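Q: My questions all concern the structure below.
The values are calculated or read from the model by the stated rules, or taken from the named source; none is laboratory data. The shown structure was predicted, so the numbers you read here are calculated from the model rather than taken from an experiment. Cβ placement follows ideal geometry from the backbone for every residue including glycine, while neighbour counts extend to all protein chains displayed. To get the accessible areas, we keep the full protein, side chains included, count just its heavy atoms, and leave off ligands, DNA and RNA. Shrake-Rupley method; radii C 1.70, N 1.55, O 1.52, S 1.80 Å.
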Amino acid sequence: MGITARGAWVSVQRHFRELGIDVQSTDFSVMGIGDMSGDVFGNGMLLSEHIKLVAAFNHMHIFVDPDPDPAVSFAERRRLFELPRSSWADYDPRHISSGGAVFERAAKSITLSPEIKERFDIARDRLTPAELISHLLRARVDLLWSGGIGTYVKSSMESHMDVGDKTNDALRVDADELRCKVVGEGGNLGLTQLARVEYSLEGGRCNTDFIDNAGGVDCSDHEVNIKILLNAVIARGELDREQRNVLLEQMTDSVAELVLRNNYHQTQAISLVERQAHERANEYQRFIRAFEESGDLNRQLEFLPTDEELQERRAQGSALTRPELSVLVSYEKATLKKHLMDVQFNGDRYVFRAAHSAFPHELVERYPRDIEEHRLHREIVATQIANDIVNRMGLNFVQRQRRATGAPIPDVARAYAAVLEIYRLRELWQEIEALDHRVSNDVQMEMMLTLIRLVKRSTRWLLRNRRRELAPGEVVEQFRSGIEQLRELFPDVLRGDAADAYDADPAIPRGTGGARRARRGHCRRSPRLQRAGCRAGRAGGPCIAAGCGQSVFPAR
């Protein structure tokens, strides 16, 4: 499936999308760690036909292609990927650009061509293999793709002994020397955590290895859950083992889609949290302190900054970085899952639909009851709800709702599920996500933050006004029809500051009905006499409702 590489590529795509670059349609340069026979490296370097792989290395060879042709090099990489036990030595030299070559790492020294020296800003004519690799790691490229074994970047504050990878001491570089725009860690520990933080503070873009390569672990979790379900089906005689295996193969793409969707939403969550890191700096600091005081988090072990260091960053205009926020997002999910594990949701369909979201649509359609009766059903529900809340709402949503209302965590989860259904926000979120590369990332993020504010306010309202035995199903039935009516009448019911704010919002299209109000006034017909279709037009003109004919006075 190549799922680990594909999951890490989702991270890469997001980094570049937030830089305004579509790596699936725009040529971009890559420096790589690994070779085409490696699962993560090989699969990763075939995920875009616009990759310009200028250099790569493994334990045996150094591949250098100063000015690659994307189409030609892609075809050659594919050939190597399909060639059993290939190495960089198998790369056809006819497809390497002028001055490039494949060098042996066992060589005493390497003579550099003018093209290599110019491309990688090297002044010397000869280098040892380790020195050349060190220069390549510091290359001016768009992406550093880590798909091999070893730790090649440390913080400038760390020693090689701190890293604990003696084999690569001679070629390892410091994070502040990196000149790539993005780091993708399909492999483990390509950088130390402190290196990731330092690189991010210098303006680079990266997550952590456990975020980038989460696809493999997530896929294994899906596999276990699916096999437990199908074992129950086999036990009652509805499937034999051969039929099960055929079904598993048929569901490969569906499982991959579930995994990649999780990768997409997790990196999106980190982006949303990062976007608010400056304005919520104090809140994030309290979040860390609360986890530390409860014993759930060891700040030093996770390389998180002290309070004094956070204050110093704020003074310098910096905040928590993506690698650090990746850790906090993961802790929040794990803690929330733990609190939801033993909750009885009393079979509410809007909560239990979370279990369905963990399985391929083939199983949801064929065996819905088996999903409900799954041996790990409670764990699956808790995991899916925790992931959904944190992916959409970011850090501290649940705790802030608890502090504001006094409600227990299960009620916050119930209210959250109800709000998403009442406003049909899942569908709206998907529509916003579908705008990737069609609108700017800033516009998408602001749209999502607007929805987040709506969810926060609505969840808080439900917790304060529907506290006892809050059942999402009943709440949805009670409020959804009214919200749908409001959606139809909106924005003509707006008055005063709300109307002005709506008029001033550049994201709202002009038009009538559900579109921009265009500074309409109010129909002179008495509100008690107005029909459902009565909508005011521009001040001084007639009401736009057919057959109304009343004049319009200015909005106040």
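Q: May I ask you to verify whether ALA319 is touching a residue at least 24 places away in the same chain (Cβ under 8 Å), assigned to a loop (DSSP other than H, G, I, E, B) and small (Gly, Ala, Ser)? Explain how you work it out, then say what you get.
A: Numbers: touching a residue at least 24 places away in the same chain (Cβ under 8 Å): yes; assigned to a loop (DSSP other than H, G, I, E, B): yes; small (Gly, Ala, Ser): yes.
Criteria met by ALA319.
Q: While we're on this one: What are the pairs with Cβ atoms under 8 angstrom where one residue, in the stretch 328-353, is on the phi > 0 side of the Ramachandran plot and the other, located anywhere, is buried (at least 16 other Cβ atoms within 10 Å of the Cβ) and in a loop (DSSP other than H, G, I, E, B)? Sequence gap at least six, or different chains.
A: So the pair list comes out as ASN346/ALA471.
Q: Considering each of LEU470, LEU395, LEU486 in turn, give the residue that is within 19 Å of LEU272 (Cβ to Cβ) and modelled with pLDDT under 95.
A: Working: LEU470 fails: within 19 Å of LEU272 (Cβ to Cβ); LEU486 fails: within 19 Å of LEU272 (Cβ to Cβ).
Only one candidate qualifies: LEU395.
Q: Residue by residue through the stretch 143-179, note down the ones that are closer than 21 Å to MET36 by Cα, in contact with a Lys or Arg (Cβ under 8 Å, 6 or more places away or on another chain) and in a loop (DSSP other than H, G, I, E, B).
A: Of everything in the stretch 143-179, those that are closer than 21 Å to MET36 by Cα, in contact with a Lys or Arg (Cβ under 8 Å, 6 or more places away or on another chain) and in a loop (DSSP other than H, G, I, E, B) turn out to be THR151, TYR152.
Listed here are the residues, each with its yes/no results for (1) at negative phi; (2) of a type in the set (A, V, I, L, M); (3) open to solvent by 60 Å² or more (accessible area, probe 1.4 Å).
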site: ASN263; (1), (2), (3): yes, no, no
site: GLN266; (1), (2), (3): yes, no, no
site: ARG275; (1), (2), (3): yes, no, yes
site: ALA281; (1), (2), (3): yes, yes, no
site: GLN285; (1), (2), (3): yes, no, no
site: GLU293; (1), (2), (3): yes, no, yes
site: ARG299; (1), (2), (3): yes, no, no
site: GLU309; (1), (2), (3): yes, no, yes
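Q: Here's a follow-up. Return only the number of the condition from (1) in a helix (DSSP H, G or I); (2) modelled with pLDDT under 95; (3) open to solvent by 10 Å² or more (accessible area, probe 1.4 Å) that VAL351 does not satisfy.
A: All conditions pass for VAL351, except number (3).
Q: Right, here's the next one. Based on this model, can you work out whether GLU365 counts as open to solvent by 10 Å² or more (accessible area, probe 1.4 Å), free of Cβ contacts under 8 Å to residues at least 60 places away in the same chain, in a helix (DSSP H, G or I) and farther than 27 Å from LEU462 by Cα?
A: On the way: open to solvent by 10 Å² or more (accessible area, probe 1.4 Å): yes; free of Cβ contacts under 8 Å to residues at least 60 places away in the same chain: yes; in a helix (DSSP H, G or I): yes; farther than 27 Å from LEU462 by Cα: yes.
Taking the combined requirement at face value, the residue satisfies it.
Q: Within the stretch 38-65, how many residues turn out to be touching a Leu at 6+ places or on another chain (Cβ under 7 Å) and over 16 Å from HIS135 (Cβ atoms)?
A: 1
Q: Next question. So, restricting to helices (runs of 4 or more DSSP H) that lie completely within the stretch 401-480, which ones have at least 1 residues that are in contact (Cβ under 8 Å) with a residue 60 or more places away in the chain, of a type in the set (Gly, Ala, Ser) and under 18 Å from ARG353 (Cβ atoms)? Before the answer, list the steps.
A: Values: elements: 409-422, 425-433, 441-465.
In the stretch 401-480, the matching helices (runs of 4 or more DSSP H) lie at 409-422.
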